[in-house]
DNA sequence: TTATATTTTTAGACAAGCCTAAAAATTTAA
DNA sequence: TTAAATTTTTAGGCTTGTCTAAAAATATAA
Ligand SMILES: [Mn+2]
Ligand SMILES: [Mn+2]
Ligand SMILES: [Mn+2]
Ligand SMILES: [Mn+2]
């Protein structure tokens, strides 16, 4: 239905739309590691196909159709990530690149059967919600550890940085999805955070605290 | 590593090489539903990359590298077909088109884990052998029913025609992989074949007999 | 063995998706 | 409010993979 490039642009615009409703050419170029001029070319094509709202120099937003397509790509991405971790025993830091390819397999019937085969999971290995076959999903209501009050207690439920390096670091520190933690102290000098987990104290940097999300 | 188009050309050349070692431009064009001029263009590129042996007007054959690549694509295709049938409960006539897309997912680690997950199957849903991770597989030694002697007895083990229409027909007649049959009679006038299966007589046309393979 | 038919290649063009360099529009700063 | 900086678009070009039409090579038939 849509080309690989079109799907990747729609996904990038969707992702950037989470932060600000109107997305700029340069933001898209950065997200896709391409050039602004290439982005402009594609934006004209996507607007032509009624997948985005676009007026020159004004940035873009997804149309309803565009958003539906984007959510469907995300559904496929996250279901394949779940499959790779739960069925093929990959680690959570190994699956993103493979899912980037697999998300473009087009059959709806295939993805619905895969969903059923795995028991209709609702979260991917990184804690992100998996849209159902209708495209419905509840957005996570999570906060970065750096933004919660002292003595707040919660469950590690997601990450902001999906890089292998970050995920491997978390794995090593046992800071994985589902773990219960308490924020003991935030050192004002450099925003280092002291956590309690499994009755032990643990120190994480400001950067890590910014990228690790908990449900209170 | 290789583009979608390159992989499809290599697979087509491999398939056509089964019949005759030197493959013609027109044969490839027909197999890929494209034009002879497009094939010539691609053949120059594949020769440049040392994937095929090509001299103008003389047809092509795969180099060792080219064959290795082709066998690997076939491994991926057949493993995904097996997955779709055995794990996602698709019927054998529904999986080919999906596998045509999935065979291009590049990760070797992924396909090896998938292989392990399914218990290292040796045949795909259509009876074709699945190459192992080293690319080794034993070619089927099968005969079309139309080519065996009267009173020969064997196991249905493969098909020559992979079309949905043919597979659905076989399904309806219960002529599926693993069934034991005996060739009772071949009517000389139109080569209609009378089989015995499950103690019942069954009549199939010359075309069906040509495309249904048995192991004696 | 020469003429004809068929196959294959070449020539030239096009769409998709990308690039660099330059121009135009917008934003920010003086 | 004008000047400078930044962002975005346009212009022109490149690669991949495709096409049609015409030319060249090969195969077949008289
Ligand atoms: Mn991912
Ligand atoms: Mn994920
Ligand atoms: Mn197949
Ligand atoms: Mn098959």
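Read-outs: derived from the displayed coordinates by stated rules, not from any lab. These numbers were taken from a predicted model, which means no experiment stands behind them. Reconstructed Cβ throughout: ideal geometry from the backbone, glycine too, with neighbour counts over all protein chains shown.
Can you compute the equivalent ellipsoid semi-axes for region A:22-164, i.e. the square root of 5 times each eigenvalue of the Cα gyration tensor, sorted largest first and rounded to whole Å?
Values: eigenvalues 163, 96, 46 Å².
Each semi-axis is the square root of five times an eigenvalue, giving 29, 22, 15 Å.
What percent of all Cα-Cα pairs in region A:4-62 falls into each 5 Å bin, going from 0 up to the bin containing the maximum distance?
Reading upward from the zero bin: 4, 22, 38, 28, 8, 0.
Compute the label-point distances linking residue A:26 to its equivalents in the other copies; points lie 7 Å from Cα along Cα→Cβ; give nm, one decimal, shortest first.
5.9
Can you list, shortest first and in nm, the gaps between the label point of residue A:184 and those of its counterparts in the other copies, using a point 7 Å from Cα in the C-beta direction?
So the distances to the same position in the other copies read 8.4 nm.
Report the full-extension gain for the segment residue B:174 to residue B:136: residue separation times 0.36 nm, less the Cα-Cα distance, to one decimal in nm.
Numbers: separation 38, 0.36 × 38 = 13.68 nm, distance 3.13 nm.
So the chain would gain 10.6 nm between residue B:174 and residue B:136.
Compute the FRET efficiency between residue A:5 and residue B:188 as 1/(1 + (r/R0)^6), taking r as their Cβ-Cβ distance and R0 = 45 Å, and round to the nearest 0.05.
On the way: r = 59 Å, r/R0 = 1.30.
The pair residue A:5/residue B:188 has a calculated efficiency of 0.15.
Which of these, B:38, B:106, B:163, has the largest mean-square fluctuation under a Gaussian network model of chain B (Cα springs below 10 Å)?
Answer for the Gaussian network model of chain B: B:38.
Percent relative contact order of region B:143-215, based on C-alpha pairs within less than 8 angstrom and at least six residues apart?
Details: 128 pairs, mean separation 32.3, N = 73.
Once divided by the residue count of region B:143-215, the mean separation gives 44 percent.
How crowded by other chains is B:93-99, given as the mean number of beta carbons from other chains within 10 Å of each beta carbon? Don't jump to the answer; show the numbers that get you there.
Numbers: counts 0, 3, 2, 0, 3, 5, 0.
Mean shielding count: 2.
For the Cα atoms of chain A, what angle does the longest principal axis make with the long axis of helix A:36-48, in degrees from 0 to 90, nearest 10?
Orientation of helix A:36-48: about 60 degrees from the principal axis.
Mind pulling the angle between the C-alpha long axis of helix B:108-117 and the longest principal axis of chain B? Nearest 10 degrees, somewhere in 0 to 90.
Helix B:108-117 sits at roughly 20 degrees to that axis.
Calculate the spin-label point distance for residue B:34 paired with residue B:197, positioning each point 7 Å from the Cα along the beta-carbon direction, and give it in nanometres.
Inter-label distance under the simple model: 3.8 nm.
Could you grab the relative contact order for region B:81-170? Cα pairs under 8 Å, six or more apart, rounded to a whole percent.
Averaging sequence separation for qualifying contacts and normalising by length gives 31 percent for region B:81-170.
Taking the 0 to 90 degree range and rounding to the nearest ten, how far is the long axis of helix B:164-173 tilted relative to the main principal axis of chain B, both from C-alpha atoms?
For B:164-173 against chain B, the angle is about 20 degrees.
Would you mind giving the mean number of other chain beta-carbons within 10 Å of the Cβ of each residue in A:102-113, as a whole number?
Values: counts 5, 0, 3, 6, 3, 8, 0, 4, 10, 0, 1, 5.
That average works out to 4.
Find how many whole Å separate the alpha carbon centroid of region B:36-107 from the alpha carbon centroid of region A:96-120.
What the calculation gives is 22 Å, centre to centre.
Just A:29, A:12, A:20 to compare: in a GNM of chain A, with alpha carbon springs under 10 Å, which one fluctuates most?
A:20
What does the structure give for A:76-89 when I average, per residue, the other chain Cβ atoms found within 10 Å of the residue Cβ?
Working: counts 0, 0, 0, 0, 2, 0, 0, 3, 5, 0, 0, 5, 7, 3.
The mean count of partner-chain Cβ atoms within 10 Å per residue comes to 2.
Above 30 Å lies some portion of the pair distances; for the protein assembly as shown, what is it as a whole percent of all C-alpha pairs?
Working: 54479 of 93096 pairs.
Roughly 59 percent, once rounded to a whole number.
Could you tell me the distance between the Cα centroids of region A:140-216 and region B:142-216, to the nearest Å?
Answer, in whole Å: 65.
Just round it to a whole percent: the fraction of Cα-Cα distances in region B:143-215 exceeding 14 Å. It would help to have the intermediate numbers written out before the result.
Details: 1414 of 2628 pairs.
Percent of Cα pairs beyond 14 Å in region B:143-215: 54.
Of B:93, B:132, B:41, which is the most mobile in a GNM of chain B whose springs link Cα atoms less than 10 angstrom apart?
Of B:93, B:132, B:41, the Gaussian network model singles out B:41 as fluctuating most.
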